[in-house]
Amino acid sequence: RIFPTSLTRTQTSRPKGRRRNSDAISSQPAHIFSARSLTPLFGSGVDRVCLKEKESMKSSAPFYAGVGVILAATASRISSSSAFSTPVFQESTTFRRTAPSQTEGVEIELPNFDELFYRVQRVSPLAKQVLERGADGGFANIDKNPADMKWRVIESNKRRTVHQIDKIENFQNLNCPIVRFRASLKGPCVGEKFASFVMDVDERKKWDPQIDDVDEIYPIYDMAHANLAMGMGRYGDCVRMGVGHCLTKPNIVATAREQLILCGIQNFECGSTVIWGTEMEEWHNHLFPDGERRTRAKSHIFTTTLVPTGPDTFDVEYVLQLEIGGKIPTFLTTPIVVETVKNMFSHAKDIFEGKGGEIEQFLKEKQEREIALAERSLLMTP
């Protein structure tokens, strides 16, 4: 019952160090994934990204980005749904790229973004559409699944909010399935608001009774670090990134679980959004907050893509490979995952269709933040 986590609430104590206090981050609230503060901090003029899929690449090594420069070498790909051959994080400290967090003395390892978004495109045709062509019709105009990705349709009903659910068993030989949900919703396409359903603990509790806490631990200090490492617009405009910690309650199937995950939000000029998350590795365990450890669950792949299909409609593709941890068989856990994600989409449908005026209030507050930021920028112009 654990899902990719958000980075929402700040801990009251910080054993790793204290928050930085600098004008450089004065416009970056600690609650970086809160619905209250989601204005891009590093530009908004991002053109549509045209990225050719790298399935035919052979004999290549990971891409490493420096400040303003991406150094490309060769890499090997396994053309199979059983595995991705290039690591997202580097176990060798020699090749790691890091960025400072908002807590003094704590560095965040940045993933290999080329590999990360390669994986996102492999499992999400809607994300591939955005990264290659922008908002190009949503599901009506997506590419077919790669031939080696053996998706099996487990639910299909065009009259439902979630109108299709697909699955690949034992994806990447990790003994857990990858599940993909497709939904079409009415309302404005606002990716930051949708992200709050997963990433904000108060929003999460409205549809996920199993959640215990979702906590922002280490937001990145400056979004410029992330955008430079991504190649300045190659994957849209990264407006939020940080390390989060998620806790779930015990239930009749599983004991309590926890996750340590790096999440981000990419906005695109076409109005689309790609939300992503990837589990941190064992060598990042020093980032866990103090306290008793729970059984580790891992989101090997998480991505949600929103694409506008009209002035007041949009498509959503939600993809998750969740390893529950322990020895619980997947035939017990997968149905729970499926039903819980359906609950999230039901909640999203109500909010985006105007229930309680929540989406209107969110858009109003977002506009006010953008105006205030623009005015501040003008005042600081020499």
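The values are calculated or read from the model by the stated rules, or taken from the named source; none is laboratory data. These numbers were taken from a predicted model, which means no experiment stands behind them. Heads up, the Cβs are rebuilt from the backbone with ideal geometry, glycines too, and the neighbour counts pull from every protein chain shown. The protein model used for the area step is the full one, side chains on, heavy atoms only, and it has no ligands, DNA or RNA in it. Shrake-Rupley method; radii C 1.70, N 1.55, O 1.52, S 1.80 Å.
Within the set A127, A135, the sole residue that is within 15 Å of the chain's Cα centre (by Cα) and among the small types (G, A, S) turns out to be A127. Within segment 123-147, the set of residues being under 19 Å from P177 (Cα atoms), touching a helix residue (DSSP H, G or I) at 6+ places or on another chain (Cβ under 9 Å) and at pLDDT below 95 comprises N145, P146. Being open to solvent by less than 10 Å² (accessible area, probe 1.4 Å), in contact with a strand residue (DSSP E or B) (Cβ under 7 Å, 6 or more places away or on another chain), farther than 17 Å from F302 by Cβ and not β-branched (V, I, T) is a description that does not apply to M241. Of all residues in segment 216-224, one or more are assigned to a helix (DSSP H, G or I) and either open to solvent by less than 10 Å² (accessible area, probe 1.4 Å) or within 22 Å of I351 (Cα to Cα) (or both).
Of the residues examined, F331 is not one that is of a type in the set (A, V, I, L, M, F, W, C), at pLDDT 95 or above and either outside any loop (DSSP other than H, G, I, E, B) or farther than 28 Å from Q90 by Cβ (or both).
Residues that are part of a strand (DSSP E or B), of a type outside the set (A, V, I, L, M) and buried (at least 16 other Cβ atoms within 10 Å of the Cβ) do occur in segment 278-289.
With the structure loaded, tell me whether S79 is at pLDDT below 90 and open to solvent by 50 Å² or more (accessible area, probe 1.4 Å) or whether it fails that test. It is true that S79 is at pLDDT below 90 and open to solvent by 50 Å² or more (accessible area, probe 1.4 Å).
Taking the criterion of being surrounded by fewer than 24 Cβ atoms within 10 Å (Cβ to Cβ) and of a type outside the set (D, E), the residues of segment 125-138 that qualify are P125, K128, R133, G134, A135, G137. In the condition set (1) open to solvent by less than 50 Å² (accessible area, probe 1.4 Å); (2) in contact with a strand residue (DSSP E or B) (Cβ under 9 Å, 6 or more places away or on another chain), R152 is compliant with all but (1). Against the list (1) touching a Cys at 6+ places or on another chain (Cβ under 9 Å); (2) surrounded by fewer than 23 Cβ atoms within 10 Å (Cβ to Cβ); (3) farther than 28 Å from Q129 by Cβ, the condition F331 fails is (1). Scanning segment 297-325 for residues that are β-branched (V, I, T), surrounded by 22 or more Cβ atoms within 10 Å (Cβ to Cβ) and part of a strand (DSSP E or B) gives I301, T303, T304, T305, V307, V316, V319.
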